[in-house]
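Working notes for the structure below.
Throughout, read-outs are computed from the coordinates displayed, never taken from laboratory work. Predicted, not measured: the structure shown is a model, and the values here were computed from it. As a convention, Cβ positions derive from the backbone with ideal geometry for all residues, glycine included, and neighbour counts pool all protein chains shown.
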There are 2 protein chains.
Amino acid sequence: MSHFERLEAFFQENRERHLQELQDFLRIPSISSLSSHRENMVHAAEWLARQLKTAGMKNVELVPTGGHPVVYGEWLGAPGKTTILIYGHYDVQPVDPLTLWETPPFEPTIRDGKLYARGSADDKGQVFMHLKAVEALMTCTGELPVNVKMFIEGEEETGSYNTAAFIEANQERLAADVLLISDTPLWEAGQPALYYGLKGLCGLQIDLRGPREDLHSGFYGGTVHNPLHALSQILSSLFEPDGRIAIEGFYDKVKPISAAEKTAFDRIPYNETAMQKQLGVPNLFGEHGHTVLERNWARPTLDINGMWGGFQEEGIKTVIPAEAHAKITCRLVDEQDPEEILMMLERHLHTYLPSGVTMSITRFNNQAKPYTCRIDHPAIQAAAKAYQLTYGVSPLFVRIGATIPVVEIFHRLFRLPVVLMGFGLPSENVHAPNEHFHLINFDTGLRTICRYYDEVAVMNDSPSS
Amino acid sequence: MSHFERLEAFFQENRERHLQELQDFLRIPSISSLSSHRENMVHAAEWLARQLKTAGMKNVELVPTGGHPVVYGEWLGAPGKTTILIYGHYDVQPVDPLTLWETPPFEPTIRDGKLYARGSADDKGQVFMHLKAVEALMTCTGELPVNVKMFIEGEEETGSYNTAAFIEANQERLAADVLLISDTPLWEAGQPALYYGLKGLCGLQIDLRGPREDLHSGFYGGTVHNPLHALSQILSSLFEPDGRIAIEGFYDKVKPISAAEKTAFDRIPYNETAMQKQLGVPNLFGEHGHTVLERNWARPTLDINGMWGGFQEEGIKTVIPAEAHAKITCRLVDEQDPEEILMMLERHLHTYLPSGVTMSITRFNNQAKPYTCRIDHPAIQAAAKAYQLTYGVSPLFVRIGATIPVVEIFHRLFRLPVVLMGFGLPSENVHAPNEHFHLINFDTGLRTICRYYDEVAVMNDSPSS
């Protein structure tokens with residue numbers, strides 16, 4: 001009986017127990033953003049720590065941080081072999097509006113081969129798969145083909161502030177050859193995807209102030225620069241009519257998309273008309289001269305995330321408001337630096353500030369540099385092979401317009417390749433009511449992870465970007 | 001003992017009682033906008049009706065409307081003499097934030113010669129003066145020098161919808177030679193002002209819709225036209241850089257300010273630097289080529305009164321919101337017609353609507369045409385003389401950027417001159433916490449009103465605009 005036949009038998013025999021355990025994990029309402037859930041967070045971390053020990057990990061520890069604890073464990077019994085650092089998170093998003101959930105978010109329910117619960121896909125379900133992959137290998141073979149460090153945090157959904165500090169302070173403990181994260185979706189059912197590029201992020205809030213108090217537009221119409229008018233001028237100045245961002249220097253460190261990548265993008269099965277229909281917009285929009293995929297993956301973007309001022313209730317109020325506000329974030333690519341972009345953005349805002357209002361700017365703490373990884377890196381190619389062996393198709397190599405802050409931190413500190421090998425689906429209502437996880441990908445994913453360990457055990461390449 | 005000596009004695013002897021009665025009136029919390037205050041509204045109207053009868057008015061009636069009742073009374077015992085229609089309102093603005101009131105809004109208090117209470121200046125205090133002027137004349141002389149109709153409504157602060165219908169339906173009953181309203185301030189302490197021009201009003205709400213749901217700016221950045229960006233484009237397109245309104249045709253029916261009026265404006269004691277300081281803005285702003293007074297009084301304006309969409313809480317949320325909203329109102333002058341201006345505005349909005357979003361527009365019901373009156377009209381000149389006789393200085397002839405909807409309705413239906421002869425002060429916190437009324441103007445105003453009856457009793461002019 002081969003190594004994989006033994007694993008296969010183990011997974012089948014233990015499936016019911018595994019699903020019961022996962023549901024236990026999902027019952028813990030580990031919402032990191034709500035201080036009322038602080039005890040649940042500890043409860044979830046302790047549950048994880050027990051599971052790590054049961055699986056056979058050593059030096060398992062609940063490490064306190066300034067916020068929610070980090071769970072760490074390791075198995076370093078494969079000297080000379082690759083060391084994989086597995087990162088995931090046990091915290092989940094809030095669940096409101098509760099009324100939209102068909103079954104309660106913390107009462108896991110299986111329907112039609114899908115497990116419904118907050119965190120089932122993002123990311124407790126996928127973290128749990130790594131636990132069970134280790135448990136299976138240790139049970140069936142007494143060892144792992146690679147060295148494994150597991151590092152599961154509790155603040156991913158709130159920006160990983162304390163986690164970033166923990167990583168900086170624990171570089172020796174966390175040192176590895178590969179960072180493996182399962183927190184991204186397949187491209188679509190049956191079609192795995194490896195994410196080799198993430199965008200960076202930076203942003204700020206604009207607070208405009210006009211008159212000292214709200215004014216009656218009858219008594220003061222035509223006297224002052226209405227802050228809402230001023231804000232609309234400033235915000236519209238950020239864009240060219242063709243969708244390009246009008247901030248001076250914004251594109252200086254953006255590289256043209258290579259011919260090879262352009263060709264690869266064009267091969268991705270992707271339909272702009274279907275997307276437009278799905279989103280319900282009369283037309284798609286973005287930087288002129290680029291496809292939707294290019295814009296979302298490889299071109300920087302700027303979005304106004306919020307804007308407000310004055311009267312928002314029903315009906316009419318003839319007020320000239322004293323204040324106007326907006327929140328702006330940029331998604332960055334290539335060599336764009338969050339600090340540098342914020343400086344350019346601020347310079348632009350000051351340049352376009354009408355002289356009748358004053359402005360204050362508050363930068364968001366949440367910053368991340370862009371990240372891309374060579375797709376020919378052996379750590380990535382090993383993941384591709386593992387997917388191929390279990391899903392029966394080669395994965396797509398794709399990028400994503402989103403940001404996972406720890407990825408860039410790890411990459412910057414350790415210069416290690418980051419393998420984003422996830423098992424969710426884009427349709428699984430992550431961050432929304434009725435989050436769920438398809439059990440077919442739970443099953444296949446367990447096998448993919450085990451395959452990956454084998455494929456990545458010996459790498460013939462030096463870590464690289 | 002002359003007619004005026006008798007009145008003087010009466011006002012002095014009855015001052016204490018008058019102030020007690022006024023405070024009784026002010027104790028009734030007649031907030032028209034709050035349905036919980038419906039009974040208080042009736043209570044205030046009944047209080048007024050009793051006072052009208054006591055003063056000697058005939059045919060006193062509480063007339064039900066679709067909303068709060070109208071109070072009507074008349075004295076028509078001066079055949080061949082001028083008929084004055086006195087209009088005022090017994091409803092008041094809401095009082096929040098309550099914590100900012102030094103004494104409770106409905107517990108009238110006299111401090112430093114000022115009567116503090118909601119409604120003391122706007123408009124219960126001034127309505128009460130008309131009651132007491134009639135009472136004094138009837139008591140001292142047994143008659144009035146003119147015919148008087150009093151028409152006090154309870155919905156001025158909520159837009160006078162039902163009142164407008166009442167006026168349309170009661171044209172015969174309300175017919176008069178002059179409409180007299182005391183609901184405007186003096187120019188400053190000791191300096192009365194006659195308002196000969198009011199602006200018109202119209203407005204609408206814009207609702208922009210982009211994607212069906214809020215989108216994650218990582219997964220969808222660069223794919224759709226962000227509705228907040230689209231809104232900022234549309235709103236900023238409404239203005240030229242020099243502050244002119246960019247809507248095609250907007251100024252077509254606006255007349256240049258006449259040389260005579262320009263000269264008159266320039267004589268008004270008015271300091272732009274002081275105004276800028278008072279408002280706390282780095283610079284004043286408005287249509288290029290016009291002074292602040294010209295812009296506020298004689299040039300049309302457009303204001304964004306509210307604007308909102310997306311995330312407004314603390315911190316960051318990387319969302320592309322599904323919706324964006326704004327409220328816009330225009331203040332109109334001369335021959336500008338609210339319906340016509342709304343059509344032009346809507347045409348502009350559709351012209352500048354980006355193709356990636358959809359828009360719906362909702363017009364506000366609140367519309368008013370602009371109003372101006374010849375200042376050489378005998379009804380106005382009589383008011384000037386009355387002010388001169390009691391305040392010892394000639395009133396300033398001024399305009400105002402605000403709107404009193406009933407003024408234009410009366411003017412349109414009856415083609416009668418409207419005399420805006422008020423006794424408040426601009427500093428009396430109308431619509432704000434700690435509203436108050438200077439008793440010096442209560443006293444002087446009572447005498448001014450009596451003087452006005454004498455001066456306007458016989459007019460040598462046909463009613464005119």
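Roughly how many nanometres apart are two label points built 7 Å out from the Cα toward the Cβ at B:Q20 and B:Y270?
Between B:Q20 and B:Y270, the label points sit 4.5 nm apart.
Please state the Cα pair-distance histogram of the range A:312-375 with 10 angstrom bins from zero: what percent is in each bin?
15, 36, 25, 16, 7, 2
Along Cα→Cβ at 7 Å, what distances in nm separate the B:N283 label point from those on the other copies, shortest first?
So the distances to the same position in the other copies read 3.5 nm.
If packing is taken as the average count of other Cβ atoms within 10 Å, what order do A:166-172, B:219-225 fall into, highest mean first?
B:219-225, A:166-172
Which order do the peptides A:313-325, A:272-284, A:52-64 come out in when sorted by mean C-beta neighbours inside 10 angstrom, highest first?
A:313-325, A:52-64, A:272-284
Which distances, shortest first and in nm, link A:N170 to the matching position in the other copies, using label points set 7 Å out along Cα to C-beta?
7.9
Sort B:246-257, A:178-189 for me by packing, meaning the mean count of neighbouring Cβ atoms within 10 Å per residue, highest on top.
Per-residue mean Cβ counts within 10 Å order the peptides as A:178-189, B:246-257.
Considering every residue in B:268-277, what mean count of other chain Cβ atoms within 10 Å of its Cβ is obtained?
The per-residue average across the peptide is 1.
What Kirkwood hydrodynamic radius, in Å, does the range B:397-451 give when the mean of 1/r is taken over all pairs of distinct Cα atoms and then inverted?
13.6 Å
With +1 on each Lys and Arg Cβ and -1 on each Asp and Glu Cβ, and nothing else charged, work out how big the dipole of the range B:239-284 is about its Cα centre, in Debye to the nearest 20.
Dipole about the Cα centre, nearest 20: 200 debye.
Evaluate the relative contact order of the range A:104-150 (contact order divided by residue number), counting alpha-carbon pairs under 8 angstrom at least 6 apart; express in whole percent.
19 percent
Under a cut-off of 16 Å between alpha-carbon atoms, report the lysines in cross-link reach of B:K132, not counting same-chain residues fewer than 8 places apart.
Cross-link targets: B:K53, B:K58, B:K124, B:K149.
If you wrap the range A:120-276's Cα atoms in a convex hull and average its projection over all directions, what's the area in nm²?
Computed as one quarter of the Cα hull surface, the answer is 18.1 nm².
Can you classify the range B:257-366 as rounded, prolate or oblate using the Cα gyration tensor, where a ≥ b ≥ c are the square roots of its eigenvalues, rounded means a/c under 1.5, and otherwise it's prolate if a/b beats b/c and oblate if not?
It is oblate, given that a/c is not under 1.5 and a/b is not larger than b/c.
Within the range B:416-450, name every residue whose backbone N is under 20 Å away from a label modeled 7 Å from Cα of B:Q12 along the Cβ vector.
Backbone N within reach: B:439-450.
Put a point 7 Å out from Cα along the line to Cβ at A:R244; what are the distances to that point in the other copies, in nm, shortest first?
3.0
Can you give the mean number of other chain Cβ atoms that lie within 10 Å of the Cβ atoms in peptide A:281-293?
5
Return the lysines within reach of A:K253: Cα separation strictly under 26 angstrom, same-chain partners fewer than 8 residues apart disregarded; answer none if there are no such residues.
Straight-distance partners of A:K253: A:K199, A:K262, A:K327, A:K369, B:K317.
Between B:A165 and A:Y161, with labels modelled 7 Å along Cα→Cβ, what's the label distance in nm to one decimal, could you check?
5.5 nm
Which residue, A:V127, A:G221, A:L137, has the largest displacement toward the positive end of the dipole of chain A when charges sit on each Cβ (Lys, Arg +1; Asp, Glu -1)?
Of A:V127, A:G221, A:L137, it is A:L137.
Could you tell me the relative contact order of chain B? Use alpha-carbon pairs under 8 Å, at least six residues apart, and round to a whole percent.
Relative contact order comes out at 24 percent.
What whole number of Å gives the distance from the Cα centroid of the range B:236-286 to the Cα centroid of the range A:401-465?
Value for the Cα centre distance between the two parts: 61 Å.
Based on Cα coordinates alone, diagonalise the gyration tensor for the range B:111-179, multiply each eigenvalue by 5, take square roots, and list the semi-axes in whole Å, largest first.
25, 22, 7
Quick one: dipole size for the range A:398-465, taken about the Cα centre, charges +1 on Lys/Arg Cβ and -1 on Asp/Glu Cβ, in debye to the nearest 20.
Approximately 200 debye in magnitude.
How much FRET efficiency would the formula 1/(1 + (r/R0)^6) give for B:F4 and B:E346, where r is the Cβ-Cβ distance and R0 is 41 Å, rounded to 0.05?
E(calc), rounded to 0.05, equals 0.15.
Dipole size in debye (nearest 20) for the range B:94-200 around its Cα centre, Lys and Arg Cβ +1, Asp and Glu Cβ -1?
200 debye
So if R0 is 30 Å, what FRET efficiency would B:S355 and A:Q191 give, r being the distance between their Cβ atoms, rounded to the nearest 0.05?
Efficiency, from the Cβ-Cβ distance: 0.40.
Using only the Cα atoms of the range A:235-299, what do you get for the radius of gyration and for Dmax, in Å?
Cα-based Rg and Dmax for the range A:235-299 come out at 13.5, 36 Å.
Ratio to report: Rg/Rh of the range A:1-152, with Cα atoms as the point set and Rh obtained by the Kirkwood method; give two decimals.
Checking Rg against Rh, the ratio lands at 1.00.
Please average, across the residues of B:296-303, the number of beta carbons from any other chain that are within 10 Å of each residue's own beta carbon, and give a whole number.
Per residue, the number of nearby Cβ atoms from other chains is 5 on average.
Using all Cα-Cα distances in the range B:318-465, what percent lands in each 5 angstrom bin from 0 up to the longest?
For the range B:318-465, the pair-distance distribution reads 1, 7, 13, 14, 14, 13, 10, 8, 6, 5, 4, 3, 2, 0, 0.
Based on the Cβ-Cβ distance of A:E46 and A:E213, what FRET efficiency does E = 1/(1 + (r/R0)^6) give at R0 = 45 Å, to the nearest 0.05?
With a Förster radius of 45 Å, E is 0.25.
Roughly speaking, what % of Cα-Cα pairs in the protein assembly as shown are separated by over 40 Å, rounded to a whole number?
Across the protein assembly as shown, Cα pairs with separations above 40 Å total 52 percent.
Roughly what percent of Cα-Cα pairs across the range A:267-312 reach past 12 Å?
71 percent
Under the definition of Cα pairs under 8 Å and six or more residues apart, what whole-number percent is the relative contact order of the range B:393-465?
Value for the range B:393-465: 33 percent.
Hey, could you grab the Kirkwood Rh for chain B? Inverse mean 1/r over distinct alpha carbon pairs, Å, one decimal.
24.1 Å
Starting from the Cα of A:Q388, step 7 Å along the direction of its Cβ; do the same at A:D337; then give the gap between the two resulting points in nm.
4.0 nm
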